[in-house]
Structures are given as structure tokens and as C-alpha cells.
Amino acid sequence: MSLQADILVLLPELTLAIGAMVLLLTGAIMGEKSAPVISWAAIALLAVAGALVVTGQTGGAFNGAFVADGFSRFAKVLILIGAALSILLAEEFFSTIKLSRFELPVLMVIATLGMMLMVSASSFLSLYMGLELQSLALYVLASFNRDHLRSTEAGLKYFVLGALSSGMLLYGISLIYGFTGSVEFGQVATAIFDNGVSLGIIFGMVFLVAGLAFKVSAVPFHMWTPDVYEGAPTPVTAYFATAAKVAALCLFLRAILVPFPDAINQWRQIIIFISILSMALGAVAALGQKNIKRLMAYSSIGHMGYALLGLAAGTALGVRGVLIYLAIYVFTNLGVFAAIQAMRRSGKAVEEIADLAGLARTSPKLALVFSMLFLSLAGLPPLAGFFAKFYVFLAAIQAGLLWPAILGVMASAIGLVYYLRLVKIMYFDEPAPAFDGEIGIGSRAILVISGVFALLFIFAASPIITAADTAAKALLP
Amino acid sequence: MFEAVAFYFFSAILIASAVMVIAARNPVHSVLFLILAFFNAAGLFVLLGAEFLGMILVVVYVGAVAVLFLFVVMMLDVDFAELKRGTLQYLPFGALIGVILVAELVMAGSVWVARPSAPLASATPAGLSNTEALGMILYTDYIYYFQIAGMVLLVAMIGAIVLTLRSRPGVRRQVISVQNARTAAMAVDMHDLKPGQGSEGERA
């Protein structure tokens, strides 16, 4: 394949890379005052990249390092939406606390580039490169509020544990390379098809899954999540919870389903184990939390468990379930974090759950959106979150995983308790002092979009489900 | 014969110095042993015919990383005795995990069969030297990876600057443009001094 053809396939990513450098130079020349301009330019850049993704070419490029297909297209659109709205949140957040810096949107654009490379990776080498590009930018973003103790702690913890997980991932990749003779997903699959699953490949696969489970924060590799979610600045946490999760989970899907279709009996039990543990921990550990961002961290651990159930199914239906799950999860979480960002009292951010007490009386609109999103996360019909879980459980049951699905339903019933507790605190407890009234126009828009999405998904579900279906068939024809 | 002797020579020193890195009491000695370990690893690479990797190891790790470590160790006042205090306490647990992991690897390794048809890559294919062979593919077949590596380095640079660069008030900086724009007229102040009254500076 010629270089021109390769570049055409890679066009959205190239646009982001070059655009990020242009933004960086512009910011460096214009100085610190340029932060709002650069933020809006970054959002425009992500929109352009999104248009290129949707209209762009599909196919492989660079000798099988990179592939653009329907699956990566669906994931990239979600990632770009999550990233653009997180930048919008970040602009408002950092200008409120007078810490606007133009590097933030630039780093977010570069992290988004890494995520797009991750979901398009079709060899273990490009998987690792994309992952590192994304992670390195995220470490910096987590400690962006550098004079804040918790923020630097979050960055450092994330960095150390991320490096450890990358080590495990690389060890697994090296074993897989050694025992199959290739790092390309397709060729690994061929080698396993020809020669069967040797013990070395299983060993490599176990380390690979461990490394990837770290990145999606599935139990037992979840320890970093609550601290990082709590410590990182709120818009950055929103970014972690939306775009980064989509990228990591889609990477997980491709890196397991494409190279190892003939080893499904070996990896399936690991994934089921991880998935059940995550669902259980997400439901139980969230009960005792006092900080809303920590609570969201445990909630995200639980949600990753449900989504992994779709991977365990190992079918196109399961992939479809995961993609629908991710789409709903991204929109709901963006709304929740926009609402958390609105929790400010006399100019200072508050994050305790107790601060939400009686919100329905002090600011009824915020309380309404908040509780609708929480109920959607809990999976109450007819809100969006119900359909997310429904399609994943459906795929799991059709793949013969009846027991994991039943355990999942039980976990979500337990999870319902703490989401309902939040709603109860907002509606029936004695009101705490009111929050600062003004919410930025961007946050307002995000709150409305995600509230409407959660409420009306039932009427607009079919295009999303069709798109997810096409994407899943592209991954598993 | 010579290669076998050289291999065991390099390996023995490598392992011994690696142990000394964590065992040495003086942190400066640790770093020096680390440098020794890097040199011997480079020797092993040369024995394999991978002289490029050997060279890179010396240039990057010895030349930059180890020297940086040395600077950090000597310039920062880190109490290493304090850091090491917990070591003995965690040693049994850590050793237990290590033993379990090794036992598992041995158990698995005893029944492993490498894929017989997996091609062994030669360090010097088709009569090219290792460096030449790498140069042939690095900017052609692997251009994609090479460019992403560049982006990763860019992020590292931005990150380091974002997290550490501060503009503190009251710090004197050199401003080249101001220096260059200085003229004799700006640098010299002419005062008309009356005899017996001293200059303004003396009076103040």
C-alpha cells in the first residue's frame, strides 16, 4: 500500500496531531491569556476530526499497524464527543478558579489522539504506543492542579500503577510474540488457529488481560480508581470516566476478540471472573462512600463489570451490547460530572454527598437532572441506563452465560440502593446551604443534553442500536 | 569458545552489579553499580550482534539517565536509610510472592513448547550490519510507530513544563533583548555634583 493511501486512512488522527501542535505553538506565542481561545479552537479541532472520522475511508494501513473500520468509527465518535464536552467543562472549571492554562486543551487533544490510535490498533505494538501516548497525557492531566495535594497524589498514584500495568501488558505481549511469531492481531489469530493454544500463549494472554483490566479499572486491578477520581480536577475526572473508558474498553474488545477467537474458552473464564467481581464491588463498596467523586469511581468500576459481561459473551451481539452501554454511559456520566462541577458554595467546590442534602428545595432543576441521571445509572426503566444493561445481559444469556447474567442483575439491584439513597438525600433531607447560583452556559447545555438523553433514549434508541450493530459486525463479521 | 567466556564474564558482572545496586549502602555507589550493569548489558548486546542496541544503551542510559540519577542522588537531600528501613519488614512477604511467581513460571515452563515454525529473527540479516538493517526499516516500515514515539516524547516535554515551570515573583532573569537594546545613553547617568555635598547615593 502506498504512503498516500495510508495517510488517507489516517487523516483524522493526522489532523488532530498537527492541530495539537499548531494550538501548542499558538498558545506559547500568545501566552497564558490565550487559554479560552485555545479551548474553543481545540473543541473545533475535535469536531473537524469527528467529521473526518464519519466521512473517512476504512481499511488497514501501515503494514497492519492501523485499521479504520466501522467499530473504530463508532468508538472514535464517542471518544471525540466525550473529549470535546470535557474540554468545555474544563474551560469553565479552570476559569472559575483562575488557573486557566492553554496546555490543558492541548494535552487533552493529544490524549484523544492516543485514544483514537488505541481503538484503531491492529497490532500489539501500535496498541502499546497508543496506550502510552494516552496514559502519559492523562498522568499530567490528573495532577494538573499542581498546588493541590490531592491532585498531585492522584497523578503520582496513577503514574506508578499505570507504569506497573504497562509492564504487565508488555510482558504478556512479549510472550504472545514469542509463541506465535507475530504481533499483528490477524497473524496471531492464524498462528493459534494452525497450532492450537499453547501454554505460553495462555500465559501471555493472562498478563495481557491483567494489563488491560488495569486500564479499564476492573476488579482486582481497580485500586487506583477512587483516589484518582477524587484527586483529579472534576473536568479531568469527567474525561477519565468517559473518553478514556471508551478507548480502554474498545481496545480491550479488539485486542481479545480479534487475535484470540480460538482461545475463547481460555479467556472467557478470566473475563467472567473479573466482570462478576467488578459488578459486586461496584455495588457494595459504593454504599459507604461520603465523597461524590469517589462514589462515581466505584460506580464506574461496577459499570465496567457489566460492560465486560458483553465481552465475555464473545459474540457480535455482545460487542453490540458493550457499544450501546458505552454510548449511554458517556452521555450519562458527562451530565453527572457537569452537575458535580456545579456544586460550589461561596466560590469553593464541595464534593461531599452531605452537601447535596435538600437540593430539591434549593435548586430544584439541578436536583431533577441529578436524580434522573443517578436513576439512569442504576438502570431503572424507562431511563437510558436500563437499556444499556438490558442489551448486555441479553447477549450474555444468548451466549449461554446465564449465571453471570443473574449475578449481574442481583448486583444492579444492590446498586440501586445507593443511587436511591442519593435521590432520597436530595429530596427528603433537611436542606444544606444553597450552592452558588450561576452555572456556566456550557455546563448547562451538557446537563440538558444528558438529561434529555437519559429520559428520551427509549424513543431515539434505534439509530444508536443500528450504528452499534454495524460497528459490532465490522469487528466480528 | 571466546564468545562463551565473554558471555559468562559479562553476565556474572552484570548480575553481581545488579545485586549491588540494591544492596549498596551508599546511594552514590548504587548509581555507579547501575552504570557498571548497563555497560555489561551493552557487552551482551554486542555479543548477540546487536551493536546498535548496545550503543544506545551506553549513550542513553549511561550517558543521560544514570548521570541524571547521580545528580538527583547527590543534589537532593533524600534520607535513604529512612527509605530502606521498611525493607526488612516487607522482605518475607515480597520474597514469598516472588517465590510463588517463579514456581508458577517454572511449572508452566516445564511443559512449554515454543512454536516450532516461529522464525528466529537474525540480528544481521542478509549481510547488513545491525545498524544498517534497523535504519532500512525504521523510517519506512515502522514510520507509524516512529512518529507516535515522537508524539509521546512531545507529551513528556509538555508535561514536564506544565507541572514544574512557575513564574515566581522577585526572581531575577536574564532578558537578552533588553540587554541588547541597552545603549550608552541608558547606562550612564550624568549628575551635577556640588563639591562637599557627596552624591545622592551617599546622602540616602
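Tabulated values for the structure
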{"read-out": "Residue count, the range A:178-231 (criterion: over 17 Å from B:L105 (Cα atoms), assigned to a helix (DSSP H, G or I) and not small (G, A, S))", "value": "21"}
{"read-out": "A:S34 polar (S, T, N, Q) and free of Cβ contacts under 8 Å to residues at least 24 places away in the same chain", "value": "no"}
{"read-out": "A:K157, sole failed condition from (1) charged (D, E, K, R); (2) surrounded by fewer than 17 Cβ atoms within 10 Å (Cβ to Cβ); (3) farther than 23 Å from A:L476 by Cα", "value": "(2)"}
{"read-out": "Hey, A:G178 at pLDDT below 95, within 13 Å of chain B (Cβ to nearest Cβ) and surrounded by 22 or more Cβ atoms within 10 Å (Cβ to Cβ) or not", "value": "no"}
{"read-out": "Residue that is assigned to a helix (DSSP H, G or I), at pLDDT 95 or above and not aromatic (F, W, Y), where the choices are A:A263, A:A283, A:A247", "value": "A:A247"}
{"read-out": "Test result for A:G59, within 12 Å of chain B (Cβ to nearest Cβ), over 23 Å from the mean Cα position of the chain (by Cα) and over 29 Å from A:S450 (Cα atoms)", "value": "no"}
{"read-out": "Lone unmet requirement of (1) open to solvent by 10 Å² or more (accessible area, probe 1.4 Å); (2) closer than 18 Å to A:E32 by Cα; (3) more than 9 Å from chain B (Cβ to nearest Cβ) for A:R146", "value": "(3)"}
{"read-out": "Members of the range A:307-352 found to be open to solvent by 10 Å² or more (accessible area, probe 1.4 Å) and either of a type in the set (V, I, T) or assigned to a strand (DSSP E or B) (or both), listed by number", "value": "A:T315, A:R344, A:R345, A:K348, A:A349, A:V350, A:E352"}
{"read-out": "Matching residues, the range A:287-306, being among the small types (G, A, S) and either within 14 Å of the chain's Cα centre (by Cα) or buried (at least 24 other Cβ atoms within 10 Å of the Cβ) (or both)", "value": "A:A297, A:S299, A:S300, A:G302, A:G305"}
{"read-out": "Any hit, the range A:62-70, residues being away from every other protein chain (no Cβ under 14 Å), within 21 Å of the chain's Cα centre (by Cα) and open to solvent by 10 Å² or more (accessible area, probe 1.4 Å)", "value": "yes"}
{"read-out": "The range A:118-130: number of residues that are more than 9 Å from chain B (Cβ to nearest Cβ) and under 16 Å from the mean Cα position of the chain (by Cα)", "value": "3"}
{"read-out": "Residues satisfying the stated conditions in the range A:410-433, i.e. exposed (fewer than 13 other Cβ atoms within 10 Å of the Cβ), of a type in the set (A, V, I, L, M, F, W, C) and within 21 Å of A:A360 (Cα to Cα)", "value": "A:F428"}
{"read-out": "Some residue of the range B:118-136 being assigned to a helix (DSSP H, G or I), charged (D, E, K, R), modelled with pLDDT of 75 or more and open to solvent by 70 Å² or more (accessible area, probe 1.4 Å)", "value": "yes"}
{"read-out": "Considering residues of the range A:19-38 that are within 11 Å of another protein chain (Cβ to nearest Cβ) and open to solvent by 60 Å² or more (accessible area, probe 1.4 Å) only, the residue nearest to A:A61 (Cα to Cα)", "value": "A:M21"}
{"read-out": "Output for the range B:144-154, where each listed residue is open to solvent by 100 Å² or more (accessible area, probe 1.4 Å) and facing chain A (nearest Cβ under 9 Å)", "value": "B:Q147"}
{"read-out": "Residues being surrounded by 15 or more Cβ atoms within 10 Å (Cβ to Cβ) and farther than 26 Å from A:E103 by Cβ - total across the range A:39-61", "value": "3"}
{"read-out": "Residue satisfying all of: in the range B:155-184; away from every other protein chain (no Cβ under 14 Å) and among the basic types (K, R); least open to solvent (accessible area, probe 1.4 Å) among these", "value": "B:R182"}
{"read-out": "Residues that are under 18 Å from the mean Cα position of the chain (by Cα) and small (G, A, S), drawn from the range A:132-154", "value": "A:S135, A:A137, A:A142, A:A154"}
{"read-out": "Residues within the range A:155-206 that are under 12 Å from A:F260 (Cβ atoms), among the aromatic types (F, W, Y) and within 25 Å of the chain's Cα centre (by Cα), tallied", "value": "1"}
{"read-out": "Identity of the residue in the range A:90-117, modelled with pLDDT under 95 and either in a loop (DSSP other than H, G, I, E, B) or within 16 Å of the chain's Cα centre (by Cα) (or both), that ends up farthest from the other protein chains (Cβ to nearest Cβ)", "value": "A:I97"}
{"read-out": "The range A:354-370: number of residues that are in contact (Cβ under 8 Å) with a residue 24 or more places away in the chain and open to solvent by 10 Å² or more (accessible area, probe 1.4 Å)", "value": "10"}
{"read-out": "Output for the range A:198-233, where each listed residue is open to solvent by 10 Å² or more (accessible area, probe 1.4 Å) and within 11 Å of chain B (Cβ to nearest Cβ)", "value": "A:S198, A:L199, A:I202, A:F203, A:V206"}
{"read-out": "Given (1) open to solvent by 10 Å² or more (accessible area, probe 1.4 Å); (2) of a type in the set (F, W, Y); (3) within 26 Å of A:G50 (Cα to Cα), number of the condition A:F252 does not satisfy", "value": "(1)"}
{"read-out": "Residue satisfying all of: in the range A:258-282; open to solvent by less than 10 Å² (accessible area, probe 1.4 Å) and either under 23 Å from the mean Cα position of the chain (by Cα) or of a type in the set (D, E) (or both); farthest from A:L407 (Cα to Cα) among these", "value": "A:P259"}
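The values are calculated or read from the model by the stated rules, or taken from the named source; none is laboratory data. Here the structure is a predicted model, which means the values were calculated and not measured. With ideal geometry, Cβ positions are generated from the backbone for all residues, glycine too; neighbour counts draw on all protein chains shown. Each accessible area value is taken on the protein alone, full model and side chains, heavy atoms only, with ligands, DNA and RNA left out. Shrake-Rupley method; radii C 1.70, N 1.55, O 1.52, S 1.80 Å.
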